[in-house]
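> Let me give you the structure first, and then I'll get to my questions.
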Amino acid sequence: MTDYAGLAAAMPAPHNEASHGCEGLAKAIYPDVTETINEICARYPKRNLPAGAMVTRFSPSPTGFLHIGNVFGALTDERLAHQSGGVFILRIEDTDSKREVPGGVGLIIDNLKEFGISFDECATEGGDVGAYGPYRQSRRAAIYQAFAKEYVRRGLAYPCFCSEETLASMRDAQKAAKANPGYHGGYAACRGLTPAEAEAKVREGLPFVIRFRSCGDPSRTAEVRDLIKGTLRMPENDQDFVMLKSDGTPTYHFGHVIDDTLMGTTHVVRGDEWLATLPYHIQMFDAFGLRRPEYAHTATVDKRDGASKRKISKRKDPEAKLTYYLEAGFPIPSITEYVMTLLNSDYEEWRRANPGSPHTDFPFALSKMGVSGPLFDLGKLRDVSKDVIAGMGAGELTDLTLAWAARYDPKFHALASGDPAYLSRILSIGRGGPKPRKDLAAYSEVGPYAVYFYDEAYVPAPDPDYPACLDSGTLKALLTGFLEGYESSDDQAAWFGKVKEAGARLGFAPDTGSYKATPESYLGSVSDVSMALRLAVTGRKNSPDLWEVMRVMGAGRVARRISMAMEIRSAKL
Ligand code: GLU
């Protein structure tokens, strides 16, 4: 990165006469700024990292809300840094107080922590971690001002005193003349002030912003390499854009250049909404004599909307918010896993070949990222999540589900938390083995899935849809007969033998083959018998393996369920 030794000396000479006499102007603007930029740079030494190590940063604005798209960016940054032995930074861009929501910073930090995104250097609620801070822009005011003072002194930036009305009439004039809008060239009124004139206005106490003095010419082309989009060719910028607002806080543009220089960022990964102003940024790096970072502009995350696709919108789509996934009970590894599949197209293939490996073993690369927006598909996330949950042990899933329920589903928590071992036995049904059940996509689905195991919450169907071949007398005889022989210690084969026997005594075929061959010889088949037992014990037509369900419930509960079913049936008559 930038070699700071003699940074000021290395700076290109100002491009015009503007710097003559700017010393006094710079002092008038920033009378209290005494630290030089060389002194500041000395506090941010070149990082001692191995060759190829990347320094990346995730730099959200605390708007009180993290978008699912932020996870794409943050995970990209994290992978690049940690895969290369580099450094991953969290920087909070909180200089726009209009957009800031109270508690927004804490919320971002908590959410990211919950997502397991680990930073090497960051702002935390308790203070900064890392030697390249402060990591909140709001605490870097003195730094921006020192740099701004130097650039004013060198004629690379200047104060602008134009009021809103002046700017509005400038826009009207541009419209009438069909000129390009914006503060540029002959329209940039304050650009033409002599340093002495500007200094006088500052001393008068007029409010001002600090603008960059552009020497770009839009008829020329600027070229920048983007690590995702390839070489970009854009007209040079000629706008004298704002670097510091009238309250002294930096715009995104200036903050980006100064912070990423001092923090030693090697790779800037950010949304492609910043492409439009990329010419501003490269112009500043060049004009200030600073080394440009590498850029990677990521496409926005889209969703399907009817036949077309559109950006996931925070206004229209609840799934835009990161907290939606937490509330919905998606395990964090499911989200990470799914986002990885969208970030690099060969991830799924790698996953198939490396089913047990952590995602961090995957060779992630910017060059494998798509130029157009990834399509976010909740259905696909659910599928990925079913695999992730199927891969968890019953004990692990129990703990995670109860922790989730404590926060988001107090009813289920009250029901299940008293006996985690019972929930764990329930969740062990069909778990493990070569073909595990894959019916749970989120912790929130455990409650509805398991609720019938709990007597306090079990509501038997008032009119279960028993197979038509079972009249009430036969049903009662079947259930009673089964219960007499039931032993919860029976293995699956013995259990099934008893189910068949209970049916056979009443005229049910022991297998569907025999039934199909001569249906007239039977009342029904063993599948009718199983269905009747399932309905009586679980109240549902579908359940995991009934032998396992009964073993988990235990003989007492099975007996109670069966007598309850018989009572309901008798009451119906
Ligand atoms: N605060 C900016 C945003 O939220 C950061 C962009 C960047 O990463 O440079 O869009």
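The values are calculated or read from the model by the stated rules, or taken from the named source; none is laboratory data. For clarity, every value in this text was computed on a predicted model and none was experimentally measured. All Cβ positions, even for glycine, are placed from backbone atoms using ideal geometry, and neighbour counts span all protein chains on display. Just the protein is used for accessible areas: all its heavy atoms, side chains included, with ligands, DNA and RNA removed. Shrake-Rupley method; radii C 1.70, N 1.55, O 1.52, S 1.80 Å.
> Within region 77-88, can one find any residue that is within 15 Å of the ligand (Cβ to nearest atom), under 29 Å from residue 310 (Cα atoms) and part of a strand (DSSP E or B)?
First, the residues of region 77-88 that are within 15 Å of the ligand (Cβ to nearest atom): 77-78, 80-81, 88.
Narrowing further to those that are under 29 Å from residue 310 (Cα atoms): 77-78, 80.
Filter once more, so that each one left must be part of a strand (DSSP E or B): none.
Looking for residues that are within 15 Å of the ligand (Cβ to nearest atom), under 29 Å from residue 310 (Cα atoms) and part of a strand (DSSP E or B), one finds none in region 77-88, hence no.
> Could you go through region 305-325 and let me know if any residue there is in a loop (DSSP other than H, G, I, E, B), under 15 Å from the mean Cα position of the chain (by Cα) and free of Cβ contacts under 8 Å to residues at least 24 places away in the same chain. Working first, answer last.
First, the residues of region 305-325 that are in a loop (DSSP other than H, G, I, E, B): 306-307, 312-317.
Checking the rest, the ones that are also under 15 Å from the mean Cα position of the chain (by Cα) come to 312-314, 317.
Within this subset, residues satisfying the condition of being free of Cβ contacts under 8 Å to residues at least 24 places away in the same chain are 313, 317.
Yes: one or more hits.
> To continue, here is another question. Here are 125, 78, 114: which of them is in contact (Cβ under 8 Å) with a residue 60 or more places away in the chain and of a type in the set (Asp, Glu)? Full working, then the answer.
Values: 125 fails: in contact (Cβ under 8 Å) with a residue 60 or more places away in the chain; 78 fails: in contact (Cβ under 8 Å) with a residue 60 or more places away in the chain.
The match here is 114.
> Quick one: is residue 103 open to solvent by 10 Å² or more (accessible area, probe 1.4 Å) and either modelled with pLDDT of 85 or more or more than 16 Å from the ligand (Cβ to nearest atom) (or both)? Before you say what the answer is, go through the steps one by one.
Values: open to solvent by 10 Å² or more (accessible area, probe 1.4 Å): yes; either modelled with pLDDT of 85 or more or more than 16 Å from the ligand (Cβ to nearest atom) (or both): yes.
Here the answer is yes, as residue 103 does meet what is asked.
> I would also like to ask the following. Go through (1) at positive phi; (2) out of contact with any Gly (no Cβ under 9 Å at 6 or more places or on another chain) and name the single condition residue 507 misses.
Against the list (1) at positive phi; (2) out of contact with any Gly (no Cβ under 9 Å at 6 or more places or on another chain), residue 507 comes up short only on (2).
> For region 195-295, give me every one of the helices (runs of 4 or more DSSP H) that falls completely inside it and has 3 or more residues that are within 16 Å of the ligand (Cβ to nearest atom), out of contact with any Pro (no Cβ under 8 Å at 6 or more places or on another chain) and open to solvent by less than 20 Å² (accessible area, probe 1.4 Å).
On the way: elements: 195-204, 252-262, 278-287.
In region 195-295, the matching helices (runs of 4 or more DSSP H) lie at 252-262, 278-287.
> Next up: What number goes with the only condition from (1) touching a strand residue (DSSP E or B) at 6+ places or on another chain (Cβ under 7 Å); (2) surrounded by 18 or more Cβ atoms within 10 Å (Cβ to Cβ) that residue 512 does not pass?
Going through (1) touching a strand residue (DSSP E or B) at 6+ places or on another chain (Cβ under 7 Å); (2) surrounded by 18 or more Cβ atoms within 10 Å (Cβ to Cβ) one by one, residue 512 breaks only (2).
> Within region 106-124, restricting attention to residues that are closer than 22 Å to residue 407 by Cα and assigned to a loop (DSSP other than H, G, I, E, B), which residue is modelled with the lowest pLDDT?
Of the residues in region 106-124, the ones closer than 22 Å to residue 407 by Cα are 106-117.
Going one step further and asking which of them are assigned to a loop (DSSP other than H, G, I, E, B), we end up with 115-117.
Details: 115: 84, 116: 80, 117: 86.
If we take residues in region 106-124 being closer than 22 Å to residue 407 by Cα and assigned to a loop (DSSP other than H, G, I, E, B), then 116 is modelled with the lowest pLDDT.
> Looking at 318, 331 in this structure, which one is at pLDDT below 95 and away from the ligand (no atom under 15 Å from the Cβ)?
On the way: 331 fails: at pLDDT below 95.
Testing whether each residue is at pLDDT below 95 and away from the ligand (no atom under 15 Å from the Cβ) leaves just 318.
> Moving on. Specify the residue that is surrounded by the fewest Cβ atoms within 10 Å (Cβ to Cβ); the eligible residues are those in region 106-144 that are among the polar types (S, T, N, Q) and more than 19 Å from residue 324 (Cα to Cα).
Taking region 106-144 first, the residues among the polar types (S, T, N, Q) are 111, 118, 124, 137-138.
Those left that are additionally more than 19 Å from residue 324 (Cα to Cα): 118, 124, 137-138.
Details: 118: 12, 124: 14, 137: 25, 138: 17.
Applying the filter and picking the extreme gives 118.
> Now for a different question. If residue 91 meets every condition in (1) in contact (Cβ under 8 Å) with a residue 40 or more places away in the chain; (2) closer than 26 Å to residue 316 by Cα apart from one, which number is that one?
Among (1) in contact (Cβ under 8 Å) with a residue 40 or more places away in the chain; (2) closer than 26 Å to residue 316 by Cα, the lone unmet condition for residue 91 is (2).
Conditions (1) on the phi < 0 side of the Ramachandran plot; (2) part of a helix (DSSP H, G or I); (3) of a type outside the set (Asp, Glu), marked per residue:
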site: 528; (1), (2), (3): yes, yes, no
site: 531; (1), (2), (3): yes, yes, yes
site: 541; (1), (2), (3): yes, no, yes
site: 549; (1), (2), (3): yes, yes, yes
site: 556; (1), (2), (3): yes, yes, yes
site: 559; (1), (2), (3): yes, yes, yes
site: 563; (1), (2), (3): yes, yes, yes
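> Taking only region 138-173 into account, find how many residues are among the polar types (S, T, N, Q), without any contact (Cβ under 8 Å) to a residue 12 or more places away in the chain and in a helix (DSSP H, G or I). Full working, then the answer.
Kept after step one, since they are among the polar types (S, T, N, Q), are these residues of region 138-173: 138, 145, 163, 166, 169.
Restricting the remaining residues to those that are without any contact (Cβ under 8 Å) to a residue 12 or more places away in the chain gives 163, 169.
Imposing the further condition that a residue be in a helix (DSSP H, G or I) reduces the set to 169.
The number of residues fulfilling the criteria is 1.
> Still on this structure, please answer the following. Take the residues in region 177-192 that are under 43 Å from the mean Cα position of the chain (by Cα) and of a type in the set (A, V, I, L, M, F, W, C); name whichever of them is least open to solvent (accessible area, probe 1.4 Å).
Checking each candidate, the answer is 188.
> State whether the residues of region 31-41 include one that is exposed (fewer than 13 other Cβ atoms within 10 Å of the Cβ), at pLDDT 95 or above and outside any loop (DSSP other than H, G, I, E, B).
So far as region 31-41 goes, yes, one or more of its residues are exposed (fewer than 13 other Cβ atoms within 10 Å of the Cβ), at pLDDT 95 or above and outside any loop (DSSP other than H, G, I, E, B).
> Quick one: which of 303, 309 is open to solvent by 50 Å² or more (accessible area, probe 1.4 Å) and touching a strand residue (DSSP E or B) at 6+ places or on another chain (Cβ under 7 Å)? Before you say what the answer is, go through the steps one by one.
Working: 303 fails: open to solvent by 50 Å² or more (accessible area, probe 1.4 Å).
Of the residues listed, the single one that is open to solvent by 50 Å² or more (accessible area, probe 1.4 Å) and touching a strand residue (DSSP E or B) at 6+ places or on another chain (Cβ under 7 Å) is 309.
> So residue 98 fits all but one of (1) away from the ligand (no atom under 11 Å from the Cβ); (2) open to solvent by less than 20 Å² (accessible area, probe 1.4 Å); (3) among the charged types (D, E, K, R); what number is the exception?
(2)
> Applying the selection to region 63-74, what residues are near the ligand (Cβ under 9 Å from one of its atoms), part of a helix (DSSP H, G or I) and open to solvent by 20 Å² or more (accessible area, probe 1.4 Å)?
The answer is 70, and nothing else.
> Follow-up question, since we're still on this one. Does region 46-62 hold any residues that are open to solvent by less than 20 Å² (accessible area, probe 1.4 Å), within 16 Å of the ligand (Cβ to nearest atom) and at pLDDT 95 or above, and which are they? Working first, answer last.
So in region 46-62, the residues open to solvent by less than 20 Å² (accessible area, probe 1.4 Å) come out as 53, 55-58, 60, 62.
Pick out the ones that are also within 16 Å of the ligand (Cβ to nearest atom) and you get 55-58, 60, 62.
If the condition is that a residue be open to solvent by less than 20 Å² (accessible area, probe 1.4 Å), within 16 Å of the ligand (Cβ to nearest atom) and at pLDDT 95 or above, then 55, 56, 57, 58 are the ones that fit.
> In addition: Pairs under 7 Å by beta carbon, first residue closer than 22 Å to residue 302 by Cβ in region 256-282, partner acidic (Asp, Glu) and within 12 Å of the ligand (Cβ to nearest atom), six or more apart or different chains?
Cβ pairs passing all conditions: 269/77.
> Tally up the residues in region 461-493 that are closer than 25 Å to residue 421 by Cβ and open to solvent by less than 40 Å² (accessible area, probe 1.4 Å), please. Explain how you work it out, then say what you get.
From region 461-493, those closer than 25 Å to residue 421 by Cβ are 486-492; that's our starting set.
Next, only the ones that are open to solvent by less than 40 Å² (accessible area, probe 1.4 Å) stay: 486, 490.
So the answer is 2.
> When residues of region 327-355 are filtered for being open to solvent by 10 Å² or more (accessible area, probe 1.4 Å) and farther than 30 Å from residue 410 by Cβ, how many remain?
Taking region 327-355 first, the residues open to solvent by 10 Å² or more (accessible area, probe 1.4 Å) are 327-328, 330, 332-333, 336-337, 341-342, 345-346, 348-355.
Now drop any that are not farther than 30 Å from residue 410 by Cβ, which leaves 341-342, 345-346, 348-355.
So the count comes out to 12.
> Please pick out the residue among 75, 80, 107 that is more than 28 Å from residue 347 (Cα to Cα) and of a type in the set (A, V, I, L, M).
Working: 75 fails: more than 28 Å from residue 347 (Cα to Cα); 80 fails: more than 28 Å from residue 347 (Cα to Cα).
So the residue among 75, 80, 107 that is more than 28 Å from residue 347 (Cα to Cα) and of a type in the set (A, V, I, L, M) is 107.
> Look through region 401-452, keep the residues that are assigned to a helix (DSSP H, G or I) and of a type in the set (D, E, K, R), and return whichever of them is least open to solvent (accessible area, probe 1.4 Å). Explain how you work it out, then say what you get.
Of region 401-452, the ones assigned to a helix (DSSP H, G or I) are 401-408, 410-416, 420-428, 443-452.
Okay, now just the ones that are also of a type in the set (D, E, K, R), so 407, 411, 425, 445.
On the way: 407: 142, 411: 173, 425: 111, 445: 43 Å².
Among those residues, the one meeting the criterion is 445.
> If the requirement is being within 29 Å of residue 425 (Cβ to Cβ), polar (S, T, N, Q) and either touching a residue at least 60 places away in the same chain (Cβ under 8 Å) or out of contact with any Leu (no Cβ under 8 Å at 6 or more places or on another chain) (or both), which of these qualifies: 527, 514, 521, 472? Steps first, please.
On the way: 514 fails: within 29 Å of residue 425 (Cβ to Cβ); 521 fails: within 29 Å of residue 425 (Cβ to Cβ); 472 fails: within 29 Å of residue 425 (Cβ to Cβ).
Checking each option against the conditions leaves just 527.
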